[in-house]
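Computed from the coordinates by the stated procedures, all read-outs in this text should not be read as laboratory data. All of these numbers come straight from a predicted model, not from anything done at the bench. Note that we place each Cβ from the backbone using ideal geometry, even for glycine, and neighbour counts take in every protein chain shown.
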Amino acid sequence: MRPASVANKAERGSKAGHLPGGSPVRAGHLPGRSPVRAGHSPGQPQVRAAPSPVPLRVPHGVSPSLPDDGVEEPVRGPSSAARRRAWREGWWSGAEARPSPNFDERPAGEAVTLVVLHSISLPPGEYGGDAVEQLFTNRLDCDAHPYYAQLRGLRVSAHFFVRRDGRVLQFVSCDRRAWHAGRSHWRGRDDCNHYSIGIELEGLEGHAFDDEQYRVLARLLRALALRWPIAEAVGHEDVAPGRKADPGPGFDWPRLRRLLRRRRPSLPRATG
């Protein structure tokens, strides 16, 4: 991410996204994005995979969890007991908890209606290390790499971080406001952090994301849409146009839409 991108995120803006049945989905930006303009790598075409958000409302009969083949199991609809098992005080059972001090309360009565997708890697383009986790928990050694100098004193966070191998880390309860979007605007409303959930994907603008990331992201989005009245998912670039460019042209929005729409017919109720 460019220095300006890092500073702007500290302003606690927001982004938007869509879940099954809701509206479009897109991604947002955090430190560790590409220093190249618009999050693009040189020589790569600057073409967006999807110009609009992705809907997220979950249709009846779709499960919030996915088996290893990436296709949801047939169900009659999620029970309240299943929802309670999936979430505990805003923490998802499918993620590894890494509590961050970088959060605050959402405005009273504010409903969570949006997901903002971001991409991040530290240093930019390098994957597999712990620098992103350290950044979000205020433990990053800013002398460990020349790029980190611009991050000194930065206080940012996201609710979730989806690694290349599909592991999911959660830093902030979804009941609380993470600091991921900065100055932002969506559908006539400012400050998306108030009403959104921020998901960071380990990656770089203009670079492709891994298969496992798409599979796990779809699972997470379903779980979120079953718990909160989320209408859509968008990119950081959508809620902060001209200021942010992630997740960028390397993110396959049509693929995410297809994953969110995949389902099997509900099984008939057993008798006898």
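The table below gives the values:
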item: All positions within the stretch 96-142 that are in a helix (DSSP H, G or I) and either among the acidic types (Asp, Glu) or over 20 Å from HIS236 (Cβ atoms) (or both); result: GLU133, GLN134
item: Residue in the stretch 203-222 that is within 17 Å of GLU89 (Cα to Cα) and buried (at least 20 other Cβ atoms within 10 Å of the Cβ) present; result: yes
item: Test: residue in the stretch 139-154 that is touching a Gly at 6+ places or on another chain (Cβ under 7 Å), among the aliphatic types (A, V, I, L, M) and surrounded by 18 or more Cβ atoms within 10 Å (Cβ to Cβ); result: no
item: Whichever residue in the stretch 145-159 is within 20 Å of PHE103 (Cβ to Cβ) and part of a loop (DSSP other than H, G, I, E, B) and, among such residues, is farthest from the chain's Cα centre (by Cα); result: GLY153
